[in-house]
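Undergrad: Below you will find the structure I want to go over with you.
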Amino acid sequence: MTRRLIPELQPRLAALYQHALEQGRAMDCHGDSEPLHKYRVALRKLRCLLKLYRPYLPEQPVQSLLVSTGQQARISNRMRDLDVFAESLGPEHPLAAQVQRWRQQSFTELYLALGQLKRERALCQTCLSLPWGKGKGAFDAITDKVEHKLTRKAQKDLHKARESGATEDWHRLRLRIKAQRYLKEVCLPHKPWTREKALQDALGEFNDSCSQIGFLESRLDEVGADTRPLMESLLRETRERQARQVAELNQQNWHSEQN
């Protein structure tokens, strides 16, 4: 029997959102940072799949979900950057105490923002629970089309990143590879995604450096005279690490590793 697209895809989307809500309720400033990470990943997967399958889905619920989940995802950006920052420094670093204070402040802001988005969460749950119809296409055939299109785009992005070496092109490739992995995890579980994971990890470390540079630059004028030299030193170190990461990305044999 042919599996129809919407009856196969919609429950997967709903499960991702439910997982995000569960992880959101488990977040704790003084506890494990993993719930925040899982909250963000679940929302990213949901948004990624909505965009990949958008031509085959009813526009109104998709658009509503993309707008609402975008709001719910963005409010956690600063908290995530600080978690990565704190982990990279370690508890003994001279800036660790300052980063922890920033982290507590950001968590308070995140907690308040989550409360203000209660209506958005209800909207998403309603959109995902109401029937979208059966759809006109077969799940397997459409998913194959989506995968092939995504692979072609990833190859073009890889070529452009290798040619230009520009930060934004490497970021675009990172997002494309991440989309390949998410598609396989959720809709093509019989296909391996370890290669996508390895490539995503390498590009993720580069992205972490970029985020840390942006964060340090934004906070330089907020710290006192005793802290600023430490921030400037760390900024130089991070820029040097970023340069090494770009060189390593350019040296990797991407074509032999990509599916």
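The values are calculated or read from the model by the stated rules, or taken from the named source; none is laboratory data. Computed from a predicted structure; not experimentally measured. As a convention, Cβ positions derive from the backbone with ideal geometry for all residues, glycine included, and neighbour counts pool all protein chains shown.
Undergrad: Among the residues that make up segment 202-209, is at least one of them surrounded by fewer than 19 Cβ atoms within 10 Å (Cβ to Cβ) and at pLDDT 90 or above?
TA: no
Undergrad: Given the structure, is Leu173 assigned to a helix (DSSP H, G or I) and assigned by TED's automatic domain parsing to the domain that holds Gln72? Before you say what the answer is, go through the steps one by one.
TA: Numbers: assigned to a helix (DSSP H, G or I): yes; assigned by TED's automatic domain parsing to the domain that holds Gln72: no.
Against the criterion (assigned to a helix (DSSP H, G or I) and assigned by TED's automatic domain parsing to the domain that holds Gln72), Leu173 does not qualify.
Undergrad: Filter segment 185-199 for residues that are surrounded by fewer than 20 Cβ atoms within 10 Å (Cβ to Cβ) and either under 16 Å from Val246 (Cβ atoms) or not hydroxyl-bearing (Ser, Thr, Tyr) (or both) and give the result.
TA: Filtering segment 185-199 down to residues surrounded by fewer than 20 Cβ atoms within 10 Å (Cβ to Cβ) leaves 185-186, 188-195, 197-198.
Result: Glu185, Val186, Leu188, Pro189, His190, Lys191, Pro192, Trp193, Arg195, Lys197, Ala198.
Undergrad: Against the definition (in a helix (DSSP H, G or I), touching a helix residue (DSSP H, G or I) at 6+ places or on another chain (Cβ under 8 Å) and either crowded, with 16+ Cβ neighbours inside 10 Å or modelled with pLDDT of 90 or more (or both)), how does Lys156 come out, yes or no?
TA: Values: in a helix (DSSP H, G or I): yes; touching a helix residue (DSSP H, G or I) at 6+ places or on another chain (Cβ under 8 Å): no; either crowded, with 16+ Cβ neighbours inside 10 Å or modelled with pLDDT of 90 or more (or both): yes.
No: the conditions fail for Lys156.
Undergrad: Something else: Looking only at segment 2-11, decide whether some residue is of a type in the set (Ser, Thr, Tyr) and either at pLDDT below 95 or surrounded by fewer than 18 Cβ atoms within 10 Å (Cβ to Cβ) (or both). Before you say what the answer is, go through the steps one by one.
TA: Within segment 2-11, the subset of a type in the set (Ser, Thr, Tyr) is 2.
Adding the requirement that they be either at pLDDT below 95 or surrounded by fewer than 18 Cβ atoms within 10 Å (Cβ to Cβ) (or both) leaves 2.
Within segment 2-11, one or more residues are of a type in the set (Ser, Thr, Tyr) and either at pLDDT below 95 or surrounded by fewer than 18 Cβ atoms within 10 Å (Cβ to Cβ) (or both).
Undergrad: Could you identify the single residue in Gly137, Gly133 that is modelled with pLDDT under 95 and surrounded by 14 or more Cβ atoms within 10 Å (Cβ to Cβ)? Break it down stepwise before answering.
TA: On the way: Gly133 fails: surrounded by 14 or more Cβ atoms within 10 Å (Cβ to Cβ).
So the residue among Gly137, Gly133 that is modelled with pLDDT under 95 and surrounded by 14 or more Cβ atoms within 10 Å (Cβ to Cβ) is Gly137.
Undergrad: Please work out if Arg44 is part of a helix (DSSP H, G or I) and under 22 Å from the mean Cα position of the chain (by Cα).
TA: On the way: part of a helix (DSSP H, G or I): yes; under 22 Å from the mean Cα position of the chain (by Cα): yes.
Criteria met by Arg44.
Undergrad: Only one of (1) buried (at least 16 other Cβ atoms within 10 Å of the Cβ); (2) touching a residue at least 24 places away in the same chain (Cβ under 8 Å); (3) assigned to a helix (DSSP H, G or I); (4) touching a Phe, Trp or Tyr at 6+ places or on another chain (Cβ under 9 Å) fails for Cys29. Which number is that?
TA: Evaluating Cys29 over (1) buried (at least 16 other Cβ atoms within 10 Å of the Cβ); (2) touching a residue at least 24 places away in the same chain (Cβ under 8 Å); (3) assigned to a helix (DSSP H, G or I); (4) touching a Phe, Trp or Tyr at 6+ places or on another chain (Cβ under 9 Å) leaves (3) as the failure.
Undergrad: Within segment 132-169, take every residue that is in contact with a Leu (Cβ under 6 Å, 6 or more places away or on another chain) and of a type in the set (Val, Ile, Thr) and give me the one that is nearest to Gly214 (Cα to Cα).
TA: Val146
Undergrad: From the list Arg176, Arg181, exactly one residue is closer than 30 Å to Pro58 by Cα, under 17 Å from the mean Cα position of the chain (by Cα) and either free of Cβ contacts under 8 Å to residues at least 24 places away in the same chain or surrounded by fewer than 16 Cβ atoms within 10 Å (Cβ to Cβ) (or both). Which is it? So that I can check it myself, show each step before the final result.
TA: On the way: Arg176 fails: either free of Cβ contacts under 8 Å to residues at least 24 places away in the same chain or surrounded by fewer than 16 Cβ atoms within 10 Å (Cβ to Cβ) (or both).
Exactly one residue qualifies, and that residue is Arg181.
Undergrad: Still on this structure, please answer the following. Any idea which residue in segment 103-112 is nearest to the chain's Cα centre (by Cα), counting only those that are of a type in the set (A, V, I, L, M, F, W, C) and closer than 10 Å to Met79 by Cβ? Steps first, answer last, please.
TA: So the first thing to find is which residues in segment 103-112 are of a type in the set (A, V, I, L, M, F, W, C), and the list is 107, 110, 112.
Checking which are closer than 10 Å to Met79 by Cβ leaves us with 107, 110.
Values: Phe107: 19, Leu110: 17 Å.
Result: Leu110.
Undergrad: Given Lys191, Lys178, which one is farther than 21 Å from Gln251 by Cβ and assigned to a loop (DSSP other than H, G, I, E, B)? Steps first, please.
TA: Working: Lys178 fails: assigned to a loop (DSSP other than H, G, I, E, B).
Every option except Lys191 fails the conditions.
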